[in-house]
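The values are calculated or read from the model by the stated rules, or taken from the named source; none is laboratory data. Not measured: the values here are computed from a predicted model. Quick reminder, even Gly has a Cβ in these numbers, built from the backbone with ideal geometry, and neighbours come from all protein chains shown. Keep in mind that these areas ignore ligands, DNA and RNA; they rest on the heavy atoms of the full protein, side chains included. Shrake-Rupley method; radii C 1.70, N 1.55, O 1.52, S 1.80 Å.
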Amino acid sequence: MRQRIGGMRAALALAGVVALMTVTVAPAAAITDGSLDGDGHPYVGLMVAQLEDGTPLWRCSGTLISPTVFLTAGHCTFNIGNDGQHVASTGGNDVWVTFDDSEVLAGWPARADYPTTAALYAARSGWLNANAEYTKGVAHPNPEYDNFADFPDNHDVGVVVLDEPVAMATYGELAPRGTINDMAKLPQTRNDALIETVGYGIQSIQPHPMDVETRYKSTSRIVSLSGKASKDGNVHTLNNPSAVGGRGGSCFGDSGGPLLVNDTNKVVAVVSYGFSATCHGADYSWRVDTQPSYDFISPFLD
């Protein structure tokens, strides 16, 4: 199984059965078999985080659901540093968010240009702080999230509370409780219930790698809410383009990005993980249209 993040995190053991891994590339960047989003979802952004020792860590996607609340995955907000120092699981401020739709890491300081971790942290933090397109924030994973230790009951949702409000004409919204249940109620109609995924992740691994730091979108269909890996709060969606199954799915760097009711701003889930190293077959996302997710997210909106 692989988290849908891009970055430098090491592989972890999951319940002694599968490995939880990320790609080992520089800040990874989107949607497989998708299309450029442009102005379609201006409230979907990219977050860049750094580890507590200053090591550049990952990039994820997410949704601005109020002027200061950025909704993303729990694993994207877990163990983030605080001014380069260690923070115990929550409250780290080494995280920045942008809503620019393309070329969001143009000019990113290269690792090879800095001999030490401290120098690289200073350079990249300085670059982000000086970039008017980025807003700093504080990361808060769901307290129930435990690095996939309780798989598949992962509670893989988190928020970043931005230091400064970001004004937009439209924000994302939490879908009403039980929305996915209604969409997937009848197996014969699931192909008509398309989910739209939006993010900044890798577009393709095979046969030709493609990774541009630009917002993409795609559609896919709901497969299951009750399978072995999709129960307890996850939704399983298809990542194989077809005439009835949608145009694609998610990949590394899309973690935390929204699954939307197609052609709306209603968020039903956030991208969480997959089992394929090439981002094909199946995607799994943590639902936010449930009471436990509402209980975690709503206080930040209050």
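Residues of segment 129-152 that are hydrophobic (A, V, I, L, M, F, W, C), within 18 Å of Phe70 (Cα to Cα) and within 19 Å of the chain's Cα centre (by Cα): Val138, Ala139.
Of all residues in segment 176-207, those that are open to solvent by 20 Å² or more (accessible area, probe 1.4 Å), of a type in the set (A, V, I, L, M) and modelled with pLDDT under 85 total 3. Just one of the listed residues (Gly227, Gly233, Gly281, Gly248) is modelled with pLDDT under 85 and buried (at least 18 other Cβ atoms within 10 Å of the Cβ), namely Gly248. With respect to the conditions (1) farther than 23 Å from Pro42 by Cα; (2) modelled with pLDDT of 90 or more; (3) touching a strand residue (DSSP E or B) at 6+ places or on another chain (Cβ under 8 Å), Leu162 lacks only one, and its number is (1). Selection of segment 93-124 for residues being in contact with a strand residue (DSSP E or B) (Cβ under 7 Å, 6 or more places away or on another chain) and among the hydroxyl-bearing types (Ser, Thr, Tyr) yields Thr98, Tyr121.
Going through (1) on the phi > 0 side of the Ramachandran plot; (2) crowded, with 21+ Cβ neighbours inside 10 Å; (3) at pLDDT 80 or above one by one, Asp263 falls short only on (2). Screening segment 24-133 for strands (runs of 3 or more DSSP E) wholly inside it with 2 or more residues that are of a type outside the set (Val, Ile, Thr) and at pLDDT below 90 returns the ranges 44-50, 56-64. Taking Asp150 as the residue in question, decide whether it is at pLDDT 75 or above, more than 19 Å from Ser102 (Cβ to Cβ) and open to solvent by 80 Å² or more (accessible area, probe 1.4 Å). Judged against the criteria, Asp150 is a match.
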